[in-house]
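Each remark here refers to the structure printed beneath this line.
Derivation of every value follows stated rules applied to the coordinates shown; laboratory data play no part. Being a predicted model, the structure only gives us computed values, none of them experimental. So basically every Cβ, Gly included, is an ideal-geometry build from the backbone, and we count neighbours across all protein chains shown.
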Amino acid sequence: MLLTHLLIGEAAPAKTFSAGNFTTLGVNKTFLSPRIYSPGGSPAKSKASETKEAARKGAELICKAINERGETNIVLATGVSQFEMLNELVNENIDWTKVTAFHLDEYIGISKTHPASFRKYLKERFVDIVSPKEFNYVNGEADPVSECIRLGNLIGKRPIDVAFIGIGENGHLAFNDPPADFETGEAFLAVNLDEACRKQQLGEGWFATLDEVPGKAISMSVKQILKSKAIICSVPDTRKAKAVKNTLEGSVTPDVPSSILQQHNAVWLYLDKDSASLIS
């Protein structure tokens with residue numbers, strides 16, 4: 001079983017070649033350099049390997065920023081796809097007292113105690129464990145316009161060193177569903193969630209019925225995500241395979257929001273065998 005590690009932003013010729021443990025598959029787009037990595041040739045569990053490597057790379061980048069500036073700013077994602085990565089990240093050797101964190105999104109209108117609340121998710125799985133210097137929650141119970149302004153002012157003073165993100169089944173980044181707004185300069189937006197997105201939340205077990213899934217959320221914008229110096233993107237499971245294929249092999253388009261990652265020069269895309277299964 002293979003760990004698939006795709007590094008976006010490195011030029012690659014349209015050919016296949018090997019170097020050590022890495023096999024690099026060139027594609028017809030010079031800004032992509034997919035890498036398939038099998039650690040030591042070991043038949044390790046692919047999902048476990050993927051999450052461990054993603055957390056390790058993220059920790060390396062966090063520590064580098066701390067060493068250079070004495071502090072760092074990060075962004076965290078939520079959802080089922082981030083469970084294992086976060087579990088690994090909190091066990092990395094990081095001075096969390098020098099870390100300020102933001103998160104990508106939150107449903108509008110649900111409380112912080114709701115089982116599907118991303119504030120609850122990150123408090124329990126991250127904040128309560130590592131006690132960072134500062135954690136800036138997205139408050140879905142506040143007035144959305146005021147909350148977007150508040151968060152925009154905060155993140156505007158805190159350039160992001162590392163963003164930990166995922167990709168949705170519909171190709172969304174954060175809650176920027178297709179067609180995503182690639183142009184807005186606002187850091188956070190109030191957005192409508194499409195049916196595919198809402199069905200994903202239902203399928204992941206956060207809600208009992210589709211009617212219970214909120215139709216609106218506050219989300220970090222695509223342009224704000226791309227301002228991050230580095231992006232660690234963890235995308236496991238078969239249900240994400242089509243989105244991964246479209247991200248890597250299609251054109252950059254708002255209809256596949258994650259395709260914009262092709263234009264960032266420091267993205268590490270970690271896949272397991274299942275999510276990488278449709279890549280040509």
- Message: Given (1) surrounded by 16 or more Cβ atoms within 10 Å (Cβ to Cβ); (2) in a helix (DSSP H, G or I), identify the lone condition not met by Thr78.
- Response: (2)
- Item | Out of Ile94, Ile129, sole residue that is assigned to a loop (DSSP other than H, G, I, E, B) and in contact (Cβ under 8 Å) with a residue 12 or more places away in the chain | Ile94
- Message: Yes or no: region 180-195 includes at least one residue that is in a loop (DSSP other than H, G, I, E, B) and of a type in the set (Val, Ile, Thr).
- Response: yes
- Item | The listed residue being part of a helix (DSSP H, G or I) and not hydrophobic (A, V, I, L, M, F, W, C), out of Gly152, Gly171 | Gly152
- Which condition does Tyr121 not pass, out of (1) free of Cβ contacts under 8 Å to residues at least 12 places away in the same chain; (2) hydroxyl-bearing (Ser, Thr, Tyr); (3) closer than 29 Å to Thr209 by Cβ, if it passes all the others? (1)
- Item | Check on Ser219, outside any loop (DSSP other than H, G, I, E, B), closer than 30 Å to Ala142 by Cα and touching a residue at least 24 places away in the same chain (Cβ under 8 Å) | yes
- Item | Residue satisfying all of: in region 132-149; outside any loop (DSSP other than H, G, I, E, B) and under 14 Å from Gln224 (Cβ atoms); farthest from the chain's Cα centre (by Cα) among these | Ile149
- Query: Taking the stated definitions as given, is Ala241 touching a helix residue (DSSP H, G or I) at 6+ places or on another chain (Cβ under 7 Å) and either farther than 26 Å from Ile110 by Cα or in contact (Cβ under 8 Å) with a residue 24 or more places away in the chain (or both)?
  - Reply: no
